[in-house]
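A short write-up of the structure that comes next.
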Amino acid sequence: MANYQRITPDQLRSRYWFDNPDHPGTTALCIERYLNYGITLDELTSGKPIIGICQSGSDLTPCNRHHIDLVKRVKDGIRAAGGVPFEFPMHPIHENVRRPTAALDRNLAYLGIVEVLHGYPLDGVVLTTGCDKTTPAALMAAATVNIPAIVLSGGPMLNGWRGAERVGSGTIIWELRKRLAAGDIDYAEFLSRASDSAPSIGHCNTMGTASTMNSMAEVLGMSLPGSAVIPAPYKERAMVAYDTGTRIVDMVWEDLRPLDILTREAFENAIVACSALGGSSNAPVHINAIARHSGIELDNDDWQRLGHEIPLLANVMPAGAFLCEEFYRAGGVPAILHELHTAGKLHVDALTVNGRSIGDNLQGCETQDPDVICRYNDPLVDHAGFLNLKGNLFDSALMKTSVISRDFRERFLNDPNDPDAFEGKVVVFDGSEDYHARIDDPTLNIDSRTILVMRGAGPVGHPGGAEVVNMQPPEALIKQGIESLPCLGDGRQSGTSGSPSILNASPEAATGGGLALLESGDRLRVDLKRGEVQLLIEASELEARRERLAQQGGYRYPGHQTPWQEIQRSMVEPLDRGMTLEPATKYRDVARRHPPR
Ligand code: FES
Ligand code: MG
């Protein structure tokens, strides 16, 4: 247990608002309105920590909606430990409904949480998370403001089933779309089978972005050990909500803050664990963003250097076969960390919210089921982390190697002299509307060796960056049994997708990235060993294209629909730098550097 200098009640931040004899008028104004629903003067002025609960659940956000009930247990815990809870809303973020994309709201929610944590009488905060972007938004804000903070995820849904077959969130949709295109099922069956994947409250039950990012919160040390993937309806979920409430009060007294926990070592642990989990391709974007707000430079070279050699240990969809219920029963995140620890891959001294090191928390956490959480020396895939590819069209693009299928290897990585490289002709789409309008056009001559390219899908081209790079082949090819083609793009893809697309190409076409210069019919060479994607043309031709594009005023993309889209586009950084708001990244530890006034 770390040794903390405990603070005293008169050092509580909330005293400025609620017990400040130097400013009696201000204090009275702050206090009087909280009394109007029954809070007592004693609760506000007797030296109890005031604990915010950032509520991410609402009727608009079904993945997080049960936090409306869970926070009752959080409040019980806060009260039992001597604190006073104050619940407030997070800007809603629901992944698969929000248009143009939920990622647009990560930075908006971040800004909102920052302002609440800084501007209100809070000594600590419980951050309720779940659906994909709620978790990074909360962690980014925790790092910026740096008051004691703890993450409580809502947990995944129960397993989905169709008969005896597991049905995984999101992953089933990608499969069913192919069945629909092939004519195997009709629209009614498509909808019926898709709904099998959502049998209960909770977030996606696959290792999509939600399960990944909540696991990352635990690995970073920001949520209680073992809590990330407790299924939402399980009794243990409500129990850990209570424990989270009691713990945040102690964290306030211990003055244990996010920036004590979010260290370089913690982020390196996150990279390693993400590979072992077969985690979402959105994780590098969000983890790099949380790191930037924590004052730590982390980039996609770090992801490849530290993460690529790590084997796949979690046998969970989309990279594996099971879902989060089995993953939890097999030991969840602690069992993954235990395996990484035995292999010497973890910084064991990294601190966590319970005041202990991540290594101390792993006592007795071996895998309970090696079919679901594999031993490090008997993994599902040997090198399962991300590759950071570069070339003459972009500086960084990620490939999730844990999902490279045998079919993909046999069709593309099949040259015995050069088994890590392939070449192909490209067909280029400008955004998802263009893709949907033209993918079945026979004049494109898409064949089994074509590389599909999506551009105009980065955070500027499509506000927030579209999850559209995992493009399905034309119906005609699917009917011939060709279910996937290599894809490349400057957008993202869903964490529930099993496609080994080359993603997040930065800089994007809309900000001068080389994908804007690509023309259908060009040939690309992808070399995974060298970490390169090269457009096979003369440098002079590439330069001539660049000049022509500049004369035309650069790459065109759709206009803004809302004020926030325009504001974000004016200051957002590329995906490889976390898609952060550039001016926001210079603010850090603002609760102490800029106390209330
Ligand atoms: Fe919300 Fe997947 S859609 S977690
Ligand atoms: Mg998504």
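The values are calculated or read from the model by the stated rules, or taken from the named source; none is laboratory data. These numbers were taken from a predicted model, which means no experiment stands behind them. Neighbour counts run over all protein chains shown; Cβ positions are idealised from the backbone, glycine included.
I'm trying to understand the selection: among the residues of segment 109-160, which are among the polar types (S, T, N, Q), farther than 20 Å from Asp69 by Cα and touching a Leu at 6+ places or on another chain (Cβ under 7 Å)?
Hits for segment 109-160 are Asn146, Asn159.
Taking helices (runs of 4 or more DSSP H) that do not extend beyond segment 50-149, which have at least 3 residues that are at pLDDT 95 or above and within 15 Å of ligand 2 (Cβ to nearest atom)?
104-119, 134-145
For segment 563-582, which residues satisfy the criterion of being in contact (Cβ under 8 Å) with a residue 24 or more places away in the chain, out of contact with any strand residue (DSSP E or B) (no Cβ under 8 Å at 6 or more places or on another chain) and part of a helix (DSSP H, G or I)?
Scanning segment 563-582 gives Trp564, Gln565, Arg569.
Restricting attention to segment 488-531, and to residues there that are in contact with a Lys or Arg (Cβ under 6 Å, 6 or more places away or on another chain) and among the charged types (D, E, K, R), which single residue is nearest to ligand 2 (Cβ to nearest atom)?
Asp490
Tell me which strands (runs of 3 or more DSSP E) are completely within segment 473-534 and hold 3 or more residues being touching a residue at least 12 places away in the same chain (Cβ under 8 Å) and surrounded by fewer than 24 Cβ atoms within 10 Å (Cβ to Cβ), or say none if there are none.
Once the strands (runs of 3 or more DSSP E) in segment 473-534 are filtered for at least 3 residues that are touching a residue at least 12 places away in the same chain (Cβ under 8 Å) and surrounded by fewer than 24 Cβ atoms within 10 Å (Cβ to Cβ), what remains is 523-527.
Filtering segment 58-100 down to residues that are in contact with a Gly (Cβ under 7 Å, 6 or more places away or on another chain) and within 12 Å of ligand 1 (Cβ to nearest atom), which residue is nearest to Leu139 (Cα to Cα)?
Asn64
Could you pull out the residue among Ile7, Ile31 that is among the β-branched types (Val, Ile, Thr) and under 37 Å from the mean Cα position of the chain (by Cα)?
Ile7
In segment 291-324, which residues are in contact with a Ser or Thr (Cβ under 9 Å, 6 or more places away or on another chain) and assigned to a helix (DSSP H, G or I)?
Result: Arg292, His293, Asn300, Asp301, Trp303, Leu306, Gly307, Cys324.
Could you please give the count of residues in segment 325-344 that are touching a Cys at 6+ places or on another chain (Cβ under 6 Å) and of a type in the set (A, V, I, L, M, F, W, C)?
1
The rows are residues; the columns are (1) under 25 Å from Asn288 (Cα atoms); (2) surrounded by fewer than 22 Cβ atoms within 10 Å (Cβ to Cβ); (3) of a type outside the set (Gly, Ala, Ser); (4) under 23 Å from the mean Cα position of the chain (by Cα).
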site: Phe322; (1), (2), (3), (4): no, no, yes, yes
site: Phe327; (1), (2), (3), (4): no, no, yes, yes
site: Gly332; (1), (2), (3), (4): yes, no, no, yes
site: Leu337; (1), (2), (3), (4): yes, no, yes, yes
site: Ser357; (1), (2), (3), (4): yes, yes, no, no
site: Pro370; (1), (2), (3), (4): no, yes, yes, no
site: Phe386; (1), (2), (3), (4): yes, no, yes, yes
site: Arg406; (1), (2), (3), (4): no, yes, yes, no
site: Asn414; (1), (2), (3), (4): no, yes, yes, no
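Just checking, does segment 216-224 include any residue being over 16 Å from the mean Cα position of the chain (by Cα), on the phi < 0 side of the Ramachandran plot and either in a helix (DSSP H, G or I) or in contact (Cβ under 8 Å) with a residue 24 or more places away in the chain (or both)?
Checked segment 216-224: at least one residue is over 16 Å from the mean Cα position of the chain (by Cα), on the phi < 0 side of the Ramachandran plot and either in a helix (DSSP H, G or I) or in contact (Cβ under 8 Å) with a residue 24 or more places away in the chain (or both).
Mind counting the residues in segment 143-175 that are of a type in the set (A, V, I, L, M, F, W, C) and away from ligand 1 (no atom under 16 Å from the Cβ)?
The number of residues fulfilling the criteria is 7.
Can you report the number of residues in segment 185-212 which are among the aromatic types (Phe, Trp, Tyr) and within 21 Å of Ala314 (Cβ to Cβ)?
0
Quick one: in segment 164-193, of everything that is in contact with a strand residue (DSSP E or B) (Cβ under 8 Å, 6 or more places away or on another chain) and not aliphatic (A, V, I, L, M), which residue is nearest to Cys131 (Cα to Cα)?
Ser169
Within segment 152-170, can you find the residues that are closer than 22 Å to Pro225 by Cβ, hydroxyl-bearing (Ser, Thr, Tyr) and either surrounded by fewer than 24 Cβ atoms within 10 Å (Cβ to Cβ) or within 16 Å of ligand 2 (Cβ to nearest atom) (or both)?
Hits for segment 152-170: nothing passes.
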